1. Name the pairs whose Cβ atoms lie under 9 Å apart, with the first residue in the range 106-125 and without any contact (Cβ under 8 Å) to a residue 40 or more places away in the chain and basic (Lys, Arg), the second open to solvent by 70 Å² or more (accessible area, probe 1.4 Å) and outside any loop (DSSP other than H, G, I, E, B), and 6 or more positions between them or separate chains?
2. Give the range 88-114 a look and list any residue that's open to solvent by less than 50 Å² (accessible area, probe 1.4 Å) and outside any loop (DSSP other than H, G, I, E, B), or say none.
3. Report yes if some residue within the range 127-136 is open to solvent by less than 80 Å² (accessible area, probe 1.4 Å) and at pLDDT 85 or above; otherwise report no.
4. Report yes if THR29 is modelled with pLDDT under 85, open to solvent by 50 Å² or more (accessible area, probe 1.4 Å) and among the β-branched types (Val, Ile, Thr), otherwise no.
5. Could you please find all residues in the range 36-62 being open to solvent by 100 Å² or more (accessible area, probe 1.4 Å) and among the β-branched types (Val, Ile, Thr)?
Amino acid sequence: PVLRCGGRRAKRGGVTLTRAVDMFAEEETALNVFQTMLLFLGGAGGIAAGVAVPMFYQSASEASEKRPNSQVCFVCRGTAESMCRFCSGMGQTPMTLGSGETRMSICVNCSGAGKKVCTTCAGTGIQPRYLDRRVFAEEGDD
C-alpha cells in the first residue's frame, strides 16, 4: 500500500516520507455488510439491556417490600445502640493540657453515656431494607 501524506506523496531524496497520523488513517471508510449488522445488533442489545435491567430491579424491589422485614441489625444486634467509637464505651476521653498534664474529660460524641443510637438501623434494631440479607430455605423445608 502506498501511504500518502495529506493526499500527496512526500518525497525527500527518493524516499517516501509519511507522518505518524497518516499511518493509522485508512483510505476506505465505507462499512461492509458484516460491520453494519454488528453495529445494529450491538445497538439493539444495548437498548434491550437498558430496558430489561430496570424492569428486573423494579420487580425485585416490589418483591422485597412484600416480605416482612424482621432481620436483626447486624451492627447493634437488635439493641438499637452501638458503642461510642470516640471513647470506646468509657464515656471519657483523655485530654492533654498545654503543660503536658493529661486529664480525663467527658466524651463530646456520646456526652459521657458510652453509647450512641445505632446509625445503621436508626435505633429500630431491625435491619434496613437496603442491607437486607436473604435467608434461603434448605432443601426439603416448606
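1. Taking only residues 6 or more apart or on different chains, the pairs are LYS115/GLU81; LYS115/MET83; LYS116/GLU81; LYS116/MET83.
2. Correct list: THR93, SER105.
3. No: zero hits.
4. Yes; evaluated as a whole, the condition is true for this residue.
5. Of everything in the range 36-62, just one residue is open to solvent by 100 Å² or more (accessible area, probe 1.4 Å) and among the β-branched types (Val, Ile, Thr), namely ILE47.
The values are calculated or read from the model by the stated rules, or taken from the named source; none is laboratory data. This one's a predicted model, so the numbers in the text were calculated from it and none came from an experiment. FYI the Cβ positions are ideal-geometry reconstructions off the backbone, even for glycines, and counts take in every protein chain you see. In case anyone asks, the SASA skips ligands and DNA or RNA and just uses the protein heavy atoms, side chains included. Shrake-Rupley method; radii C 1.70, N 1.55, O 1.52, S 1.80 Å.
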